[in-house]
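Take a look at the structure below.
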Amino acid sequence: MTPKTAIVRIFLFWFLCCSAVPVVAAADDSGSDEACGAPDDVNEYPPPPKSCRLLFSPRPSSSQDVDDDGDRKYGIYSAVTIPKNHPLTPLGGDLVLHLIDVRTSDEHRTSAHVENTVQLQKWKKYGYIQEAATSGHGGNYEGLGDIWTVLPGISMLGASRQQKQGRPNIWASIPENDEASHPRHQSALAGSFALHYNLTHQVTIPGGLEGGDEVLVDRSGWHRKRALMLNSDDTAVNDGSSSNNSKDDTAMSTDHLFSHGACLDNIYPGKSSNGHGRGALASRFIPSGSIVAPVPVLPLPRDELKFLRLKEWKKVTSFRKRLLKETAGGNSDGEEGVTEDELPLPPDMDWRQQLLLNYCYGHAQSSVLLFPYGVFVNYINHAPSASESTDGPVANVKLQWSERLMNTSNLDLRSLTPSQLWEQSTPPEGLILELVALKDIRPDEEILLDYGSIWSEAWKEHSDQYPESILKLADDHTLEKEYSPAYIMDDVVTNLRTVEEQTQFPYPENVFTACFYRYDTETTTKSDTVNKGKTEATPWKMSLGLFDMTNLRPCKVISREPANDRFATPQQLKQQGQPPQGKMLYTAIIQNRPGLPANERIPKGTKHIVSGIPRGAFRFVDRPYASDIHLDGAFRHNIGVDEAGIYPELWLDLKSE
């Protein structure tokens, strides 16, 4: 063999090895981190795998001007055909977060209180978050004030369409709810993570999605209105014609998407293999240096996640007025230039922190938080970096800016100061991070990110003090008192107790019963409703869309009877005998829930009694401030990216001189 031939063969061996890393490594599955190394340039990473189902990509300019959420620049696209009624993400759905007692205008809050949620209100205005009372995803009863629902992943990331310009092509079911095997009696993690999860979207458009179609989410309640037969052009919109499917101006070729986009389904939600409850797992082999997931982020002022409960504001207002009067020497207007909102809280009160804080990226020297809303990225748990001394799992991904995806914008938001960020008329869209694999990641391996040293120290302090750190729950619910989550009560209680029976055998204090029931002021005039003064009685009826969370109302069971066939003759009933255990029908007093429109509210002073309600139409619900996320000592800390080099110098506005 000549030297020249040897050199050629060595070159060919190196070329075949390194250019085929995904194929060779997937077959070998050896887990080697050093075969060819990660690419040095961010633009040299491998394209999305061809097996990818969903892609995140800049939207064509022609589709941005018809988006009802403002000028959305990015969207979700299908890379394959997904039939109608099939899940968009077959391996699971995303989590659901709730903002508790959001500070908006009412008689207990001044203009400064409202100003403290300016960015959150922009999120809501442009469809990034929704009101819990109308979203249909639960959370209505988490507090007594305004509850807003945050739906990261598909719901926040996808664009939407007004009904007149087309119809949404996916719909989300009701999420699941549990403690992820971390109850308050046993785990320091209790209250530190979202209880609602697995919000899964299904394709609803006739004919399904085709490769290159844009995923359009339902933010205007189109599907709910359709279930209630309220869509004026329902027949036309449902006929499957291309004009109504709105594919022409939003679809792109799959070749273009794979060249310019990023894969959204490299990870899926599942059980953490490291004892964290829920986690994010790899859905396929991910070679070292590859993009695991795009991570678009929305900036938010840190102060906007501070909150007080609705009733606490009354105490604060009273204290501040008294303090202002005292400091002004009896002048109720106070000193010149000093406002009530600049005064401190009462000595025995501290600001609370929204659970959303735990999911935000942050820097100790910055007032700017970054909330990640990519698909499934909020399931990713912490592990220390490989450089730290540890015997356990280590981080296998890191965060960096996605220069390629952010190049579509004329304005680099990283060049703005925090105050300039907040001055933007719409939520500052266009900040996109990406998770990069630090090693070869095998299928079903958990994705782990280093949360930073500051976070690690805060978590160690919290966990070392457990259970004292989360011992007390507001409203005097404590670990010593009987506590049973609502979802557990639904599983174990077959026959519901009447109000009278509960005087001797009460349910745990943290729950109450609610019914799926649709009330409208027009129903009281129907022939099957009996009116006797201030009492109305009517039979329960099943109808399309009834089991929407917006129809879940507080109710009190006053009687029950065997669920025999109501149309059977006495002789037939005798032959049928007793129904199987648990097969009962209930009569209940229906009440109003917070946030109902006027036409759905039972008039004040009216007792509305409904009979024949099946057990399946009842749910146990946690009382306001009773679920684990309200534990006074539950862990709250942003994910630290101080050491990641992500924050620009302009954002370090809390940096000491």
**Report entry** Gain in span if fully extended, Asp444 to Gln591, counting 0.36 nm per residue against the direct Cα distance
**Finding:** 48.3 nm
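Of all accessible surface on region 618-657 at a 1.4 Å probe, what whole percent is carbon and sulfur?
The value for region 618-657 is 48 percent carbon and sulfur by accessible area.
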Query raised in the report: Roughly what would the spin-label model give for Gln365 and Asp491, points 7 Å off Cα along C-beta, in nm?
Result: 4.8
Query raised in the report: Where does each of Asp348, Asp642, Asp628 land when they are ordered by accessible area, with a 1.4 Å probe and the largest first?
Result: Asp348, Asp642, Asp628
Query raised in the report: If the chain between Ser415 and Ser387 were fully stretched, how many nm would it gain, using 0.36 nm times the residue separation less the Cα-Cα distance?
Result: 6.9 nm
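Students often check this: by mean Cβ neighbours within 10 Å, which of 117-130, 313-326 ranks highest, and how do the rest follow?
Top of the packing list down: 117-130, 313-326.
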Report summary line: Most packed first (mean Cβ within 10 Å per residue), the peptides 298-306, 150-158 order as 150-158, 298-306
Query raised in the report: Is the shape of region 353-428 best called rounded, prolate or oblate, per the rule: a/c under 1.5 gives rounded, else a/b larger than b/c gives prolate, else oblate, with a ≥ b ≥ c the square roots of the Cα gyration tensor eigenvalues?
Result: prolate
Query raised in the report: ³J(HN,Hα) across region 259-273 via Karplus (A = 6.51, B = -1.76, C = 1.60, θ = phi - 60°), whole Hz, x for Gly/Pro?
Result: 7, 10, x, 9, 6, 9, 10, 6, 10, 8, x, x, 7, 5, 7
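Distance cut-off 28 Å, Cα to Cα: go down the list Lys311/Lys655; Lys398/Lys460; Lys556/Lys604; Lys271/Lys311 and report the pairs above it.
Beyond 28 Å: Lys311/Lys655; Lys271/Lys311.
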Query raised in the report: So, in nm, how far is label Glu482 from label Leu343 when the simple model puts each one 7 Å beyond its Cα toward the Cβ?
Result: 4.4
Report summary line: Within region 420-470, DSSP-loop GluC sites (Glu not before Pro) with at most 13 other C-beta atoms within 10 Å are Glu423
Query raised in the report: Between Ser425 and His86, what is the FRET efficiency for a Förster distance of 35 Å, r being their Cβ-Cβ separation, to the nearest 0.05?
Result: 0.35
Query - Phi to ³J(HN,Hα) by Karplus 6.51 cos²θ - 1.76 cosθ + 1.60 over region 393-406, Hz, x for Gly, Pro - result: x, 10, 4, 10, 9, 9, 9, 8, 6, 8, 4, 5, 6, 7
Report summary line: Most packed first (mean Cβ within 10 Å per residue), the peptides 373-382, 196-205 order as 373-382, 196-205
Query raised in the report: Could you give the accessible area per residue of region 583-657, probe 1.4 Å, as a whole number in Å²?
Result: 44
Query raised in the report: Considering only DSSP states other than H, G, I, E and B, which chymotrypsin sites (Phe, Trp or Tyr not before Pro) in region 389-470 qualify as loop sites with at most 12 other Cβ atoms within 10 Å?
Result: none
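The values are calculated or read from the model by the stated rules, or taken from the named source; none is laboratory data. Predicted model only: the values in this text are computed from it and were never measured. All Cβ positions, glycine included, derive from the backbone under ideal geometry; neighbour counts span all protein chains shown. Surface areas here come from the heavy atoms of the whole protein model, side chains and all, with no ligands, DNA or RNA. Shrake-Rupley method; radii C 1.70, N 1.55, O 1.52, S 1.80 Å.
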